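Notes follow once the structure below has been shown.
The values are calculated or read from the model by the stated rules, or taken from the named source; none is laboratory data. Treat the numbers as computed from the prediction; the structure is a model and nothing was measured. Glycine also receives a Cβ, built like all others from the backbone with ideal geometry; neighbour counts cover every protein chain displayed. Ligands, DNA and RNA are stripped out before the accessible areas are found, and what is left, the full protein with its side chains, is counted by its heavy atoms. Shrake-Rupley method; radii C 1.70, N 1.55, O 1.52, S 1.80 Å.
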Amino acid sequence: MKIRVSTNGPYIVTGGVPLTVMEIANDDRGDCRSWQKVREYPLREEYALCRCGHSKNEPFCDGTHAKDRFNGTETAGDEPYLENPTVIRGPELELADYEGLCAHARFCLRAGGIWNLTERSDIPDARDTAIDEACNCPSGRLVLRDRKSGEAIEPALERAIVVIENPARGEHGPLWVRGGIPVESADGRTYTIRNRVTLCGCGRSRNKPFCDGIHIGL
Ligand code: FES
């Protein structure tokens with residue numbers, strides 16, 4: 001399975017990667033709590049996903065990028081967002097926060113926020129909520145480690161691509177790449193493989209091909 005970024009064009013997905021649409025579901029308080037699968041596309045060996053944000057056949061490319069002369073220049077080449085995360089050390093958990101990768105899914109805001117919860121991670125409820133929030137973070141901005149073992153706490157994710165919808169806020173995108181599928185740049189470099197990655201689907205990210213949250217409010 002692989003995702004290749006094409007020059008000023010779509011993501012070319014090969015290897016039979018499952019494709020679904022999931023909505024962010026809120027609880028009674030309006031906090032983001034879970035993912036709800038609302039659509040599953042028939043499995044295809046190869047397909048092209050829109051990267052410019054203007055296809056009339058979303059999430060698939062319909063060729064509009066060429067008419068619009070989409071500039072899809074990748075700017076994440078040196079991956080500055082993966083260096084020097086903000087680190088918060090709590091009693092049981094350590095949080096690495098790669099803020100520039102934020103896709104604004106907002107799971108991290110519940111119960112005082114993951115930063116606060118990490119600092120109180122000797123309390124079982126706070127620890128469990130922090131882990132739940134980190135594991136629901138689609139972009140991998142938030143990575144927790146167990147301080148005793150030093151191991152990263154990652155959700156078990158099947159390899160798949162998920163189109164993210166947030167109907168409560170009328171937000172569409174980005175594309176959530178789950179399970180460590182390699183993403184290759186237009187010039188053939190493989191980006192750091194991560195369990196949770198979000199790719200830009202609106203064409204406006206300043207960190208292409210990754211989402212930087214700019215789709216909020218479009
Ligand atoms: S990338 Fe082809 S229509 Fe958007």
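Counting only heavy atoms of protein chains, what accessible area per residue, in Å², does segment 84-153 have with a probe of 1.4 Å?
46
Which of LEU95, LEU199, LEU157 moves the most in a Gaussian network model of the chain with Cα springs under 10 Å?
LEU157
Magnitude of the Cβ-charge dipole of the chain, K/R +1 and D/E -1, about the Cα centre, nearest 20 debye?
Here the chain has a charge dipole of around 520 debye.
By how many degrees, 0 to 90 and rounded to 10, does the Cα axis of helix 124-136 deviate from the longest principal axis of the chain?
The answer is roughly 10 degrees.
So how much slack lies between THR7 and THR75, counting 0.36 nm per residue of separation and subtracting their Cα-Cα distance, in nm?
On the way: separation 68, 0.36 × 68 = 24.48 nm, distance 1.25 nm.
Taking THR7 through THR75 to full extension adds about 23.2 nm, to one decimal.
Rounding to the nearest 20 debye, state how big the charge dipole of segment 123-177 is about its Cα centre with +1 on each Lys and Arg Cβ and -1 on each Asp and Glu Cβ.
In total the dipole reaches around 220 debye.
Using the Cα centre of the chain as origin and beta-carbon charges of +1 (Lys, Arg) and -1 (Asp, Glu), tell me which of GLY188, LEU101, PRO167 is placed farthest towards the positive end of the dipole.
Value computed over the given set: GLY188.
Taking every pair of distinct Cα atoms and averaging 1/r, then inverting, what Kirkwood hydrodynamic radius in Å comes out for segment 84-153?
11.6
Placing unit charges on C-beta atoms (Lys and Arg positive, Asp and Glu negative, everything else neutral), compute the dipole magnitude of segment 84-153 about its Cα centre in debye, rounded to 20.
Charge dipole of segment 84-153: 120 debye, to the nearest 20.
For LYS208, give me every one of the aspartates and glutamates with a C-alpha distance below 17 angstrom, ignoring sequence neighbours fewer than eight places off in its own chain.
Cross-link targets: GLU74, ASP78, GLU79, GLU83, GLU99, GLU184, ASP187.
Would you mind telling me the share, in percent, of accessible area of the chain contributed by carbon and sulfur at probe 1.4 angstrom?
C and S fraction of accessible area: 45 percent.
Which whole-number value in Å² is the accessible area per residue of segment 166-218, probe 1.4 Å?
Working: 2060 Å² over 53 residues.
Result: 39 Å² of accessible area for each residue.
Just how much of CYS137 is accessible, in Å², when a 1.4 Å probe is used and the result is rounded to the nearest 10?
10
For segment 1-100, with the dipole built from +1 on Lys and Arg beta-carbon atoms and -1 on Asp and Glu ones, taken about the Cα centre, which of TYR47, ASN84, THR20 lies farthest toward the positive end?
So the residue we want is TYR47.
Quickly estimate the mean residue ellipticity at 222 nm for the chain, helices only: each DSSP H run with n ≥ 4 gives -39500 (n - 2.57), and the total goes over all residues, rounded to 500.
-3000 deg cm²/dmol
Where does each of GLU171, GLU23, GLU45 land when they are ordered by accessible area, with a 1.4 Å probe and the largest first?
GLU45, GLU23, GLU171
Which whole-number percent gives the relative contact order of the chain, counting Cα pairs below 8 Å spaced six or more residues apart?
Reported as a whole number, the value is 22 percent.
With every protein chain left in place and a probe of 1.4 Å, what is the accessible surface of ASP128, to the nearest 10 Å²?
90
Taking springs between alpha-carbon atoms closer than 10 angstrom, which of THR20, THR86, THR190 fluctuates most in the Gaussian network model of the chain?
THR86
Could you report the accessible area of TRP35 in Å², rounded to 10, computed with a 1.4 Å probe on the protein chains as they sit in the structure?
The accessible area of TRP35 comes to roughly 50 Å².
Can you give the Rg to Rh ratio of the chain, both from alpha-carbon atoms, with Rh computed by the Kirkwood formula?
Dividing the radius of gyration by the Kirkwood radius yields 0.97.
Using all C-alpha to C-alpha distances in segment 119-209, build P(r) with 5 Å bins and read off the rounded percent in each one.
P(r) over segment 119-209, rounded to whole percents: 3, 12, 18, 22, 17, 13, 10, 4, 1, 0.
On a C-alpha basis, how far is the centre of segment 1-45 from the centre of segment 167-182 in Å? Whole number, if you could?
First find each Cα centre; the distance between them is then 6 Å.
In what sequence, largest accessible area first, do HIS172, HIS215 appear using a 1.4 Å probe?
HIS172, HIS215
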